[in-house]
1. Could you look through the stretch 1-57, keep only residues that are among the polar types (S, T, N, Q) and not in a strand (DSSP E or B), and pick out the one that is nearest to Ala74 (Cα to Cα)?
2. Quick check on the stretch 92-117: of everything there that is modelled with pLDDT under 90 and among the small types (Gly, Ala, Ser), which residue is farthest from Trp58 (Cα to Cα)?
3. Can you tell me which of Gly72, Gly125, Gly79 is modelled with pLDDT of 60 or more and not in a strand (DSSP E or B)?
4. Looking only at residues that are over 26 Å from Arg12 (Cβ atoms) and of a type in the set (Asp, Glu) in the stretch 88-106, which one is surrounded by the fewest Cβ atoms within 10 Å (Cβ to Cβ)?
5. Name every residue in the stretch 19-49 that is surrounded by 11 or more Cβ atoms within 10 Å (Cβ to Cβ) and either among the hydrophobic types (A, V, I, L, M, F, W, C) or within 14 Å of Cys65 (Cβ to Cβ) (or both), in order of residue number.
6. Taking Thr85 and the conditions (1) polar (S, T, N, Q); (2) in contact (Cβ under 8 Å) with a residue 40 or more places away in the chain; (3) surrounded by fewer than 17 Cβ atoms within 10 Å (Cβ to Cβ), which numbered condition does it fall short on, given that it satisfies the others?
7. Out of the residues in the stretch 50-82 that are surrounded by 12 or more Cβ atoms within 10 Å (Cβ to Cβ) and of a type in the set (S, T, N, Q), which is nearest to Lys109 (Cα to Cα)?
8. Looking at the structure I just gave you, is Leu4 in contact with a strand residue (DSSP E or B) (Cβ under 8 Å, 6 or more places away or on another chain) and either free of Cβ contacts under 8 Å to residues at least 12 places away in the same chain or surrounded by 14 or more Cβ atoms within 10 Å (Cβ to Cβ) (or both)?
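The values are calculated or read from the model by the stated rules, or taken from the named source; none is laboratory data. If you're wondering where the values come from, they're calculated on a predicted model, not measured in any experiment. For neighbour counting, all protein chains shown are included, and Cβ atoms are generated from backbone atoms with ideal geometry for every residue, glycine included.
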Amino acid sequence: MADLNKVFLIGRLTHDPELRYTPNGTPVADLKLATSRKYATREGETREETLYIVVTVWNRQAENCCQYLRKGRAVHVEGYLKEETWETREGEKRSKIKVEAERVQFLDKKDDSISSPVHASSDDGGYSASPQSSSVSSSASRRPSVPAATERPSPPRRPSPSFDSGPPDGGDDEDIPF
């Protein structure tokens, strides 16, 4: 059986991201994310449970997150779990589980002039900060492929950036089987 370590989270930032650099100059930032889950108890009472998660973002993606994100902004994070271990000054071993981001999608508007999500990709060439950037989750991709007679034709699609860590394959979002 194959192993799988993949995480998808949607939540809001609890702090502004802060950019820092490793000793060799690699940009890194931690996003502090709050995500909530609502559920009903056996008695029928609705409860909400909030989980606070640290998400580590690297390279150009970290710089983009620090430039465009602020406390309260909604984001979608795709990544994997990673254990961080260290030793305290007293010699006690500690560890915690964090999320390493492979992709961060900005979900809500920065201001009224931006009308669609902005993506920050771990692939330096895959970042797009333009309001015209396409997304699988954008409203444009949920429209039927044949416009109704009352709709204006949609503008030509721009190629979608590749969000995986491998080389771009040149395909677009319509190649995805789901």
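1. Filtering the stretch 1-57 for residues that are among the polar types (S, T, N, Q) and not in a strand (DSSP E or B), the one nearest to Ala74 (Cα to Cα) comes out as Thr14.
2. In this case the residue turns out to be Ser113.
3. When all the criteria are applied, what remains is Gly72.
4. Among residues in the stretch 88-106 that are over 26 Å from Arg12 (Cβ atoms) and of a type in the set (Asp, Glu), the one surrounded by the fewest Cβ atoms within 10 Å (Cβ to Cβ) is Glu90.
5. Within the stretch 19-49, Leu19, Arg20, Pro27, Val28, Ala29, Asp30, Leu31, Lys32, Leu33, Ala34 meet the criteria.
6. Thr85 satisfies every listed condition except (2).
7. Among those residues, the one meeting the criterion is Asn64.
8. In short, no.
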